[in-house]
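Here is the structure we will look at, set down as structure tokens.
The values are calculated or read from the model by the stated rules, or taken from the named source; none is laboratory data. Just so we're clear, the structure is a prediction, and the values are computed from it rather than from any experiment. Positions of Cβ are backbone-derived with ideal geometry, glycine not excepted, and every protein chain shown enters the neighbour counts. Note: areas computed on protein heavy atoms with side chains; ligands, DNA, RNA excluded. Shrake-Rupley method; radii C 1.70, N 1.55, O 1.52, S 1.80 Å.
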Amino acid sequence: MRASIAGVGAITLAAMLTTPANAAERTVSYRGYELNVPADWPVFDLSANPAECVRFDRNAVYLGKPGAEQRCSARQGKTTDAMLLEPIGDRTRVTVTGDRFASLATRVDEAADAPLAKTVQPGVYTGLGFDACAAPSQGAMDAWLGSPFRAVGVYIGGIHRACAQPNLTPRWVSTQVNKGWRLIPTYVGLQAPCTSFRHKLDFDQGVARQQGRDAATDAVKLAGGLGLAAGTVIYNDMEAYNIADGPCSGAVMSFLSGWADQLRERGYRSGVYSSASSGITDLVRNHGNRAYSRPDHVWFAWWNGQANADGGRFLPADRWAGQRIHQFLGGHDESHNGVGINIDSNFLEIR
């Protein structure tokens, strides 16, 4: 669960936190708030260290506004209980993840900036792209215009999105598009029921299909708020799972069918990111199965170091030809014009 609530009072907030009675606690104070958290949780002051990566895959409390130049690794772990308190004008926004703060499930959103323009992404493009856990700052994006990359993956939402996204705004999207960047919008939602992720699909295929539709509805809302218009491909990030587990595979295929159906009904196009040996293999073997709806695009992780769209033994050439992305290199540091980012490297062939 991830929720955001703005302007709650200290007494109310303290009452919402559910720390086991026998657990050691510490008191954290921030902008008039006092809250108790487990004593072993680190507390990060973002004003003192704006480059600290706000990660929701570790138990931690973050105080302040996430910096534009966060130092995040491209690959993050599973989301867990964490909290971010940040100033929004004269108010304080509290963002929480995990089940510890289940009583904060009611969401109160701040007013978002209106999209500056509508754009359809990623469009027609063949060439290199990269993805990073947090959308890079404008300075970093400008510096990387001197790189061979011209596409960038951005995590627009989902319950398992691992990094805060202070840079990802409608203005950021509009600026990158105007500068010639292609965008790969990615949504990290519920994961396969046979994995160790906290938030998982239901084994019941009917329920899983509806969960896919619900995820697509949320993704469309988030994409539209960033100025990503109908026609845009939104990729669902389905991490590796055991495709030999029949019920698990069926749940994933049903979820991705609901995802594809709902996106198309909303005028968007569906994409799926997964490892070549799990989700992509599952999609290939169910390509002709009329019980499931196929995605429009696939994005396969096969870290063979080859910058091409060849899916090898995992993805036949006649499946999703011209509608594929190959993530050929996992998390690594790369620098252009003096600006370093930890990235995954991709090759896009989208016609």
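For the reader, a short list of remarks on this structure follows.
- Computed helical MRE - 222 nm, the chain, DSSP H runs ≥ 4 contributing -39500 (n - 2.57), nearest 500: -6000 deg cm²/dmol
- Whole-percent carbon and sulfur share, accessible surface of the chain, 1.4 Å: 49 percent
- Among G123, G338, G271, the residue with the largest mean-square fluctuation in a Gaussian network model of the chain, with springs joining Cα atoms closer than 10 Å, is G338.
- Charge tally in the Cβ shell below 10 Å around G64, where Lys, Arg are +1 and Asp, Glu are -1, G64 excluded: -1
- Low-density loop cleavage sites - trypsin sites (Lys or Arg not before Pro) in region 132-220, where at most 13 other Cβ are within 10 Å (DSSP): K179
- Computed over the chain: relative contact order in percent, which uses C-alpha pairs under 8 Å that are six or more apart: 16 percent
- Three semi-axes describe the equivalent ellipsoid of the chain; taken as square roots of 5 times the Cα gyration tensor eigenvalues and ordered largest first, they are 33, 25, 18 Å.
- Counting only protein heavy atoms and a 1.4 Å probe, region 247-351 has 39 square angstrom of accessible area per residue.
- Relative contact order computed over region 139-287 (Cα-Cα under 8 Å; 6+ residues apart), in percent: 25 percent
- Table column - 3J(HN,Hα) (Hz), region 233-246, Karplus curve with 6.51, -1.76, 1.60, x for Gly and Pro: 8, 10, 9, 8, 8, 10, 5, 4, 8, 8, 6, 7, 8, x
- Taking amide H as placed 1.01 Å from N in the peptide plane, E239 has its amide H under 5 Å from the amide H of A192, each at least 5 places away in sequence or on another chain.
- Straightening the chain between R71 and N337 buys 94.1 nm, computed as 0.36 nm per residue apart minus the Cα-Cα spacing.
- Cα centre as origin, Lys/Arg/Asp/Glu Cβ charges: the chain dipole, Debye: 700 debye
- Backbone amide hydrogens, once placed in the peptide plane, bring V233 within less than 5 Å of Q121, G123, R269, excluding anything fewer than 5 places away on its chain.
- Listed peptides 341-347, 53-59 appear in the order 341-347, 53-59 once ranked by packing, highest mean of other Cβ atoms within 10 Å at the front.
- Region 46-97 shape via C-alpha gyration tensor axes, a/c threshold 1.5: oblate
- Table column - 3J(HN,Hα) (Hz), region 132-142, Karplus curve with 6.51, -1.76, 1.60, x for Gly and Pro: 10, 4, 10, 4, x, 5, 5, x, 5, 5, 5
- Backbone HN-Hα couplings from phi across region 156-167 [Karplus 6.51/-1.76/1.60, Hz, Gly and Pro as x]: 7, x, x, 5, 9, 5, 8, 10, 5, 10, x, 8
- Residues with amide H under 5 Å from that of E25, placed H, sequence gap 5 or more: A39
- Note on region 53-89 and region 297-351: Cα centroid distance 27 Å, given to the nearest whole angstrom.
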